[in-house]
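As structure tokens, the structure follows; a few thoughts come after it.
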2 protein chains.
Amino acid sequence: MKPLILTPLEGIPLVQEGDDLVRLILEALQRHKLDLLKGDILVLAQKIVSKAEGRRVFLETVKPSAEAKELASKTDKDPRLVQLILDESAEIIRSRPGLIVVEHRLGFISANAGIDHSNVDEREGWVLLLPKDPDSSAAAMRARFEEASGARLGVRARLGVLIIDSHGRAWREGTVGVAIGVSGLPGVVDLRGRRDLFGRELRATTVGAADELAAAASIVMGQASEGCPAVHVRGFPYPLRQGRLSELLRPKEMDTFR
Amino acid sequence: MKPLILTPLEGIPLVQEGDDLVRLILEALQRHKLDLLKGDILVLAQKIVSKAEGRRVFLETVKPSAEAKELASKTDKDPRLVQLILDESAEIIRSRPGLIVVEHRLGFISANAGIDHSNVDEREGWVLLLPKDPDSSAAAMRARFEEASGARLGVRARLGVLIIDSHGRAWREGTVGVAIGVSGLPGVVDLRGRRDLFGRELRATTVGAADELAAAASIVMGQASEGCPAVHVRGFPYPLRQGRLSELLRPKEMDTFR
């Protein structure tokens with residue numbers, strides 16, 4: 001089996017609304033002398049996808065409802081931010097001072113509906129929502145990356161695109177990278193029916209492969225101002241296929257930890 | 001920033017009680033023409049550590065208590081296995097048919113106390129408990145790997161050793177690799193005080209760096225019979241320091257999802 005190699009694509013400029021992320025990443029790949037070969041995966045931080053899609057909101061423009069004001073006072077948060085959290089959520093799962101955990105409208109459980117303050121704008125008061133439909137964003141970018149690989153090498157390479165965010169977790173400290181948008185790679189890999197060295201069926205039946213890759217890419221992205229919002233991956237060992245975020249989301253009625 | 005490179009160390013023979021894992025891994029490194037350089041990390045599947053430490057149990061030798069019998073009937077499990085789960089646990093967190101989630105005596109939340117059936121023995125009826133003290137096992141191996149690097153290259157390299165397992169999660173489908181023993185690398189990386197591009201404090205204050213690396217290594221280990229139980233890591237970007245598992249465990253009173 002080959003090594004798994006994750007290369008941070010440095011030198012991508014600060015992304016603005018309307019920027020062409022695919023072009024910025026292709027330029028970064030060129031600077032890093034990396035071609036796009038069959039099976040390569042591009043991992044993007046949600047932040048640059050959201051910014052390019054214009055998902056910034058100026059808090060001054062948000063009118064909090066009575067519900068938002070009440071939850072804001074319970075949680076010590078800005079009522080306008082809480083309004084955005086409510087707008088982006090299907091359900092409030094837990095709240096306490098400083099923390100609102102929701103089921104995001106995209107289906108996953110996350111703190112503050114993934115709404116981010118940092119690196120949004122030099123002016124105070126701007127926040128960034130998650131991309132509208134990360135699976136679709138990933139799919140659109142994948143089509144263009146595959147086309148670009150064909151233009152350069154004569155044959156279109158089968159590629160994957162993963163959009164990731166950092167999530168806190170139940171039970172364990174520290175955030176980890178998780179998938180929020182998937183195209184061209186499996187969300188989970190189903191091992192049902194596979195057998196161990198002695199012919200017995202395996203205990204763990206599904207592997208959260210896209211989340212494992214999100215965590216891996218998060219390591220090289222870094223978290224601070226020197227962070228790098230895109231990573232090139234070579235050597236992902238699972239067969240690529242059309243995947244989607246929903247594979248990674250446990251149905252509510254199957255979840256004993258909500 | 002450099003790429004992160006994870007190389008699966010293939011060709012390690014089936015591990016038996018008493019085997020010298022450090023020697024087996026050093027031999028595998030040599031076959032892969034990999035030296036141990038400053039900052040390299042070795043990631044080991046818990047399974048080979050447990051086997052080398054003789055943590056196999058033959059179920060025929062286990063006498064289930066009344067408590068184990070009751071929980072076994074509620075969860076459709078072998079009462080002898082349930083006895084071992086109880087013995088390895090501090091607390092039962094959830095149970096339903098097919099599932100027992102516990103706080104393991106090592107402090108983390110896990111299904112079935114991490115007790116594994118697969119790849120243990122060609123005979124039926126053997127199971128494998130987690131290592132007794134994975135942090136200590138990792139530390140002892142790290143000392144020997146560092147010594148070996150010095151013997152080969154003249155200067156002892158500062159290294160890390162991580163022991164990992166695959167855990168299910170709240171809310172999301174699919175298992176992911178997580179750290180259960182840490183030596184020589186940070187469990188979590190604290191970003192408090194760091195600022196974004198515009199000088200604002202970062203939202204996420206701690207990163208579960210060792211868990212992210214565990215997930216990354218898990219990708220190349222694979223899960224099935226062709227799995228590879230040890231991985232060499234080069235390019236981990238966070239400064240190495242003496243870390244430990246407990247950094248990754250949220251104190252019970254701070255956890256709203258138990």
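Readers should treat all values here as calculations from the given coordinates under stated rules, not as data from a laboratory. This is a predicted model, so every value here is computed, not measured. Counting neighbours? That spans all protein chains shown, and the Cβs are built from the backbone with ideal geometry, glycine included.
Going by a ≥ b ≥ c, the root eigenvalues of the Cα gyration tensor, does the stretch A:92-131 fall in the rounded group (a/c under 1.5), the prolate group (a/b larger than b/c) or the oblate group? Mind dumping the intermediate values first?
Working: a/c = 3.98, a/b = 1.62, b/c = 2.46.
It comes out oblate by the Cα gyration axes.
The stretch B:62-167: which chymotrypsin sites (Phe, Trp or Tyr not before Pro) are DSSP loop and have at most 13 other beta-carbon atoms within 10 angstrom?
On the way: sites: B:F108, B:W126, B:F145; in loops: B:F108.
Sites meeting the loop and neighbour criteria: none at all.
How many partner chain Cβ atoms sit within 10 Å of a residue's Cβ in peptide A:116-125, on average, as a whole number?
On the way: counts 4, 6, 11, 7, 4, 3, 4, 1, 2, 0.
Averaged over the peptide's residues, the number is 4.
Using the alpha-carbon centroid of each, what span in Å lies between the stretch B:76-126 and the stretch A:74-108?
35
Across chain B, where is the longest run that never hits GluC sites (Glu not before Pro) in a DSSP loop with at most 12 other C-beta atoms within 10 Å? List each step's numbers first, then the result.
Working: sites that count: B:E17, B:E122, B:E124, B:E226.
In chain B, the maximal stretch lacking such sites is B:18-121.
So what's the projected area for the stretch A:56-128, the Cα convex hull averaged over all directions, in nm²? Could you put the intermediate results ahead of the total?
Details: hull surface 18.1 nm².
Mean projected area for the stretch A:56-128: 4.5 nm², to one decimal.
For A:L191, enumerate residues with amide H under 5 Å from its amide H, sequence gap 5+ or separate chain, H modeled in the peptide plane.
A:T206, A:V207
For the stretch A:103-258, build the convex hull from the C-alpha positions and give me its volume per residue in Å³.
168
How large is the dipole of the stretch A:1-159 about the Cα centre if only Lys and Arg carry +1 and Asp and Glu carry -1, each at its Cβ, rounded to the nearest 20 debye? Before the final figure, lay out the partial values.
Working: 24 positive and 25 negative charges, 101 e Å.
It works out to roughly 480 debye.
Greater than 30 Å separation of Cα atoms is the criterion. Which listed pairs, A:K47/B:K47; B:K47/B:K74; B:K77/B:K252; A:K2/B:K77; A:K252/B:K51; A:K63/B:K252, meet it? Let's see the in-between values first.
Numbers: A:K47/B:K47 38 Å; B:K47/B:K74 28 Å; B:K77/B:K252 27 Å; A:K2/B:K77 39 Å; A:K252/B:K51 37 Å; A:K63/B:K252 37 Å.
Where the Cα-Cα span goes over 30 Å, the pairs concerned are A:K47/B:K47; A:K2/B:K77; A:K252/B:K51; A:K63/B:K252.
Which whole-percent values make up P(r) of the stretch B:22-178 when all C-alpha to C-alpha distances are grouped in 5 Å steps starting at zero?
Result returned by the calculation: 2, 8, 15, 18, 16, 13, 10, 7, 6, 3, 1, 0.
Within a 10 angstrom radius of each residue's Cβ in A:181-188, how many Cβ atoms of other chains show up on average? Whole number is fine. Walk me through the numbers on the way to the answer.
On the way: counts 0, 0, 0, 0, 0, 1, 3, 4.
Average per residue, whole number: 1.
Starting from the Kirkwood Rh over alpha-carbon pairs, what translational D in µm² s⁻¹ does the protein assembly as shown have by Stokes-Einstein at 10 °C and 1.306 mPa s?
Working: Rh = 23.8 Å.
Once the numbers are plugged in, D ends up at 67 µm²/s.
Distances from B:R123 to the same residue in each other copy, label points 7 Å out along Cα→Cβ, in nm, shortest first?
7.6
Report relative contact order for the stretch B:56-128 in percent, whole number only (criteria: Cα-Cα under 8 Å, sequence separation at least 6).
Details: 115 pairs, mean separation 20.4, N = 73.
28 percent.
Which of the listed residues, A:S95, A:G125, A:L29, is farthest toward the dipole's positive end in the stretch A:10-129, when Lys, Arg count +1 and Asp, Glu count -1 at the beta-carbon?
Result: A:S95, furthest along the dipole toward the positive end.
What distance in nm lies between label points placed 7 Å from Cα along the C-beta direction at B:D35 and B:K132?
3.7
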